[in-house]
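Please treat every number below as a calculation from the coordinates, not as lab data. Since this is a predicted model, take the numbers as computed values, not measurements. Note that we place each Cβ from the backbone using ideal geometry, even for glycine, and neighbour counts take in every protein chain shown.
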There are 2 protein chains.
Amino acid sequence: MSDQDALVIFTPSGKRGRFALGTPVLTAAQQLGVDLDSVCGGRGICSKCQVTPSFGEFPKHGVTVFENAVSEFNAVEERYDRIRGLKTGRRLGCQTKVQGDIVIDVPPESQVHKQVVRKAASTRPIIMDPATRRYYIEVEEAGMDDPTGDFERLQAALKAQWNVEGITAPLSVLRKLQKALRKGAWAVTVAIYDAGEDQSKMLDVWPGLYEEPLYGLAIDLGSTTIAAHLCDLETGIVAGSAGVMNPQIRFGEDLMSRVSYAMMNPGGDAEMTREVRAAMADLARTLAADAEISTDQILEAVFVCNPVMHHLLLGFDPVELGQSPFALTSSDACTLDARDLDLPLNPAAQVYILPLIAGHVGADAAAVALSEAPELRDDLSLIVDVGTNAEILLGNSTQVLACSSPTGPAFEGAQISSGQRAAPGAIERIEINADTKEPRFRVIGSEIWSDEDGFAEVIAGTGVTGICGSGIIEAVAEMRMAGLVDASGLIGSAEQTGTSRSLPEGRTHSYLIHDGSDRDGPVITVTQGDIRAIQLAKSALYAGARLLMDELGVDEVDRVVLAGAFGAHISPKHAIVLGMIPDCRTDQVFSAGNAAGTGARMALANVSDRRAIEAQVQRINKIETAIEPRFQEHFVAANAIPHATAPFAELAKTVTLPNVNFNPNSGDGAGGRRRRRRG
Amino acid sequence: MSDQDALVIFTPSGKRGRFALGTPVLTAAQQLGVDLDSVCGGRGICSKCQVTPSFGEFPKHGVTVFENAVSEFNAVEERYDRIRGLKTGRRLGCQTKVQGDIVIDVPPESQVHKQVVRKAASTRPIIMDPATRRYYIEVEEAGMDDPTGDFERLQAALKAQWNVEGITAPLSVLRKLQKALRKGAWAVTVAIYDAGEDQSKMLDVWPGLYEEPLYGLAIDLGSTTIAAHLCDLETGIVAGSAGVMNPQIRFGEDLMSRVSYAMMNPGGDAEMTREVRAAMADLARTLAADAEISTDQILEAVFVCNPVMHHLLLGFDPVELGQSPFALTSSDACTLDARDLDLPLNPAAQVYILPLIAGHVGADAAAVALSEAPELRDDLSLIVDVGTNAEILLGNSTQVLACSSPTGPAFEGAQISSGQRAAPGAIERIEINADTKEPRFRVIGSEIWSDEDGFAEVIAGTGVTGICGSGIIEAVAEMRMAGLVDASGLIGSAEQTGTSRSLPEGRTHSYLIHDGSDRDGPVITVTQGDIRAIQLAKSALYAGARLLMDELGVDEVDRVVLAGAFGAHISPKHAIVLGMIPDCRTDQVFSAGNAAGTGARMALANVSDRRAIEAQVQRINKIETAIEPRFQEHFVAANAIPHATAPFAELAKTVTLPNVNFNPNSGDGAGGRRRRRRG
């Protein structure tokens, strides 16, 4: 350091150091560890290292910056500005030289570890640090005096120019290498996948500087639906999202039906594997077509899924998952070639699948654990992801427990007499007047309540077609609060309730919500069977949560997070009235949206998050509901529907439900589940 | 150590130590690092650890061994002997306990690092240390209290029982895992491939103890023929060998013709890749069928081949190999999945390809370098592998040089008027009487000379069909020694030579060896064109060798090793007369047989040999004949045919050959080669 050195201060990091006059800004940033991007390594062609020098007085930093503190626009910058345009004040960090004390701002888009902009400020940020990165390199030209191969000289260039070592390349990439090097006049852009443990794979090579975006897919492979996000691997921006039904539904609506199908039909597992892979291939092609990109630009895919979907995706017979002790073929996170899953992405694309937590608690639950991270909070979180199975996490910075509870599909509107999937025309909100016992409701796709002006037009439009999952929860809770249903779940007769909406139905009663028969529409009622189905589902959910609370020795939780599409629409008040979730302040009940999908996006965007969830899954304490006698006790005890004005605990303990013959200790999980659904 | 400890001495290693009475022999061996095999880890079921205790006086070792120095046959040994039979004196090392001072012999078949028994004692030994090994393990049973997957518990067992870590498994193996574990009652045998750098792959899994042999293929993929050995991966024994013609021949007889085909025909390289892979797939199936094994038992394949075959095998366009600077796509050794080469072996089988030395000096030359190991000797070896190209190595413990010389196919009998491949009926040995100028000869498949009784039956049998490569060399050398040909290579007229076997042919002459026309057989002559073709081929070979000698600054070598099938049949005397190889004592000219194939077998048998040749190839000094002006000088100078009685050097310097227009500096290797073949 000499007196001639200049003080260079980078914002927003605040990193500072002294550098010899003439030092390029990019060099100063790299030496200080400032998060400033560069793909071309300072050759003035990629424009990723744009910075904004600031001038004037900076009392906070103790410097005065003069106009001549950085070099003037040079030919490279002028050319770049002329052809592509530089924003006012922006400079190329590799071309701009330090000439005096200077403050330099690194705008967000020039940072490697960008934070992805997301709508909900409360959600965990996604910081870009993807497994796949692109590098521009200049490779030593082949010559008679050097007998090494083009790939070996490329490896040497990567080591010398980017300090990246231990590269391998699949045949599909090596096949393109010689043409790319010659077309690019010995300069190429390569995509390198960090496979961990100093192993890296070259996924693609392009002549010269390749600037088209590179993408990854974050896929939430559910039993019912498959949802995928196409994400830019550098900015994290979601370029497209799409969902399709899981075609395996025709082999069985829920997981255990599909396991049974595999057991009963030789080759049935392979058939389901083919179907789901074909659906995912279509999904990938659709997303690429909609975004107007080539599937070759998709270099990665991250999957989250439950254990049965995991096994069927990978081509493992799921038979062991249908019987105690529910042994997984493999539980660790895995990385494999996309072509091994018949995915039509880049030929060298890599797939990462999050770890499974246990035989019943899958990579989807791991993804929820990654996105919600209860281990980072001191207060106690109960996180519930409701699907055909409910994945439940309970924990704080001390420890985290997990279990899965077989709620069945009632919460998704299935096995409900007027139930339907969430779609326009489905009742999603209901209120019942406790005095008149009259209902008012709203359907998906309309903001108008059924007793408001203009509802006739709603009916004339989409119609009232059924009740979705969140609607049936509200309906049952409102019926209970309005005195139409007693604590045991029994619907009263018209005499008992004082409303003609109580309709006799065999030896039980149902409650009429909407009669659309005059318009050839459906008559929508809540039947005694519907109440029983909801009671079973919510009891399973509640019992799972209670089991984890018992394990921690607590009677209440600080906050409840409802994950999943269903969780996003559910009303906290009604969930508590119904006894789905343990006692909690309603303002401490949060919706996390598609937390599993978010976890998949995080793992796609950030390789450290993969290592973090792999380590966290090892620490999570797995509770197996099927072998815990207390699960059955809680399940039976939770069958009652507590009234909003009564203490929940009191009601929950006094009721037992007839007609339930569910013994999770029988060792026959599949059978047990089937019996319960009949109940 | 207590007084009660016994002295245990192992032979043949001589390793010794004291052990507590009751110590199993296997345990003692393992603690002393004695090379004693075990697959089941001492459970008494694999029988690999058989030893022979010796009794009586051992003055050399200073011990007396009493009859009770080892425990008696136990139940395990009795059962094993009853069912499978133990040789007299043999014991199971894991069951036999030390009870006193004892001398224990480890027979060769119980050693892990067995030396493979080979016919020629002079050849380098093959010591077994294969990349793929089998392990018998007992895996923790799946249970409700352990949520980890079966594969993770298998990994833990491998670590605990064999200290093997860092295992991955392809989907094809994971798919079989759960069934194998349950069928084997949680005991399985696994095949683990050591991929280096603490990475291992599980290639297969079988229930219980799997005892069928495991195999590997050592494949010498030549331009003309593909030869493969099926080798037992534990004993090294060759269970079968087979060869087929390289079907690419229809795209061009030599390498450069095939490169030209790829250049001229879009997709031509892919076509040749398909053909050669299909031929190898057939070869693998044939070898498995002949040995009556399943292709699933073949877990590895090792390839040696020249650079063009290497590129066409891997699916790389060879176009760069047809023009200066002959840049390889990749030169390092590589490991890949056999399925990527469409080889019908075990679905998880691994392929290892030896490193390439340079653009013209391939993995076949590396294999020769591995099997002949000139770097292990102090005397100077010249190693020549003659094929369509000659690979030449020159070196000793100080340094090793390599080059490739484009000899063309004349040495293989191609482009010779009566030439043919080595097959029954082909003339392989010739003598010409210097006084009478009359020839006598022998054909392949018969020991009878043409002037001996019984030759008529030979003719009646196979017939005399042509001259093979070694035959044409002898013919030209004998013609020179008999004064039928002058130093410039010109065949004399009947007047000049005094024999009516000198037949006029246009403006030149030919020499009649055999006239079979009275039996509708061929008239076999050596034409002036044949002599020119042989002169060109031998000049190229000689010039390459001289170039390397110049580089080392030597005028002679201590020994010459002729490798390849051709080298095995060539007569040292005639090779020297012809001037194919530099001056050397004829008793220092050796045949190494198929040294490239041997190198492939070594790399298959011993993983350390792979690392050794990878390191050695980095050290080998590559000389590129095409850019060395002296190569052309040597080539032109070497065109003469020295007479056996004259000093070689004198003759070699005085003659230049007309009609040759070969300029290796033109930068057009392919063109140069074509021109030379026309000469």
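Quick notes
- Here A:T64 yields copy-to-copy label distances, from shortest upward, of 10.5 nm, the label point defined as 7 Å from Cα along Cα to C-beta.
- In chain B, the longest principal axis of the Cα atoms and the axis of helix B:171-183 are about 40 degrees apart.
- Partnerless cysteines, meaning none of the other Cys C-beta atoms lie under 4.7 Å away, in chain A: A:C49, A:C94, A:C231, A:C305, A:C334, A:C403, A:C468, A:C584
- Against chain B, whose longest principal axis is taken from its Cα atoms, helix B:528-552 shows a tilt of about 60°.
- In this simple spin-label model, placing a label point 7 Å from the Cα along the Cα-to-Cβ direction at both A:Q496 and B:D290 gives a separation of 8.6 nm.
- Angle in degrees between helix B:607-619 and the longest Cα principal axis of chain B, rounded to the nearest 10: 40
- Cα-based Kirkwood hydrodynamic radius, the range A:368-411, one decimal, Å: 10.8
- Mean Cα-pair separation over length for the range B:1-83, i.e. relative contact order, pairs under 8 Å, 6 or more apart, %: 16
- Put a plus charge on the Cβ of each Lys and Arg, a minus charge on the Cβ of each Asp and Glu, and nothing anywhere else: the dipole of the range A:126-207 about its Cα centre is then about 460 debye.
- The DSSP beta bridges internal to chain A are antiparallel in roughly 70% of cases.
- Each peptide among B:596-602, A:266-272, B:403-409 gets the average number of other Cβ atoms lying within 10 Å of its residues, and from highest to lowest they stand as B:596-602, B:403-409, A:266-272.
- Lysines whose Cα lies under 30 Å from that of B:K159, excluding same-chain neighbours fewer than 8 positions away: A:K201, A:K622, B:K15, B:K48, B:K97, B:K114, B:K176, B:K179, B:K183, B:K201
- If you plug the beta carbon distance of A:T398 and A:A568 into 1/(1 + (r/R0)^6) with R0 = 30 Å, you get a FRET efficiency near 0.55.
- Remark: the protein assembly as shown carries a charge dipole of roughly 420 debye about the Cα centre, counting +1 on each Lys and Arg Cβ and -1 on each Asp and Glu Cβ.
- Shielding score for A:556-562, defined as the mean number of other chain Cβ atoms within 10 Å: 0
- Using a Förster distance of 25 Å, the FRET efficiency for A:R79-A:T235 (Cβ separation, nearest 0.05): 0.50
- Taking the three principal axes of the alpha carbon atoms in the range A:126-207, the coordinate ranges are 47, 23, 22 Å, sorted in descending order.
- Antiparallel DSSP beta bridges within the range A:215-353, percent to nearest 5: 60
- Scattering profile of the range B:6-110 at q = 0.12, 0.14, 0.18 Å⁻¹ [log10 I(q)/I(0), Debye over alpha-carbon scatterers]: -0.34, -0.46, -0.78
- FRET efficiency, B:D5 to B:N163 (Cβ-Cβ, R0 25 Å, nearest 0.05): 0.45
- Estimated [θ] at 222 nm from DSSP helical runs (n ≥ 4, -39500 (n - 2.57)) normalised by residues in chain B, nearest 500: -9000 deg cm²/dmol
- This model, with +1 at the C-beta of Lys and Arg and -1 at the C-beta of Asp and Glu, gives chain A a dipole about its Cα centre of some 320 debye.
- For chain B, the relative contact order is 10 percent, taking Cα pairs closer than 8 Å that sit 6 or more residues apart in sequence and dividing their mean separation by the residue count.
- For chain B, the spread of Cα positions along the three principal axes, ordered from largest to smallest, is 95, 63, 54 Å.
- Normalised by 2.2 N^0.38 Å, where N counts its residues, the alpha-carbon radius of gyration of the range B:418-526 equals 1.03.
- For B:P125, the point set 7 Å out from Cα toward Cβ sits 6.5 nm from its twins in the other copies, listed from shortest up.
- Relative contact order (%) - the range A:347-392, alpha-carbon pairs under 8 angstrom, separation at least six: 24
- Lys/Arg +1, Asp/Glu -1 at C-beta; chain A dipole; positive extreme among A:C94, A:A494, A:G240: A:G240
- The listed peptides B:530-543, B:276-289, A:473-486, ordered by packing as a protection proxy, come out as B:530-543, A:473-486, B:276-289 (highest mean of other Cβ atoms within 10 Å first).
- Around B:E300: net Lys/Arg minus Asp/Glu count, Cβ-Cβ under 15 Å: -3
- Partner shielding of B:44-51 amounts to 0, given as the average count of beta-carbon atoms from other chains within 10 Å of each residue beta-carbon.
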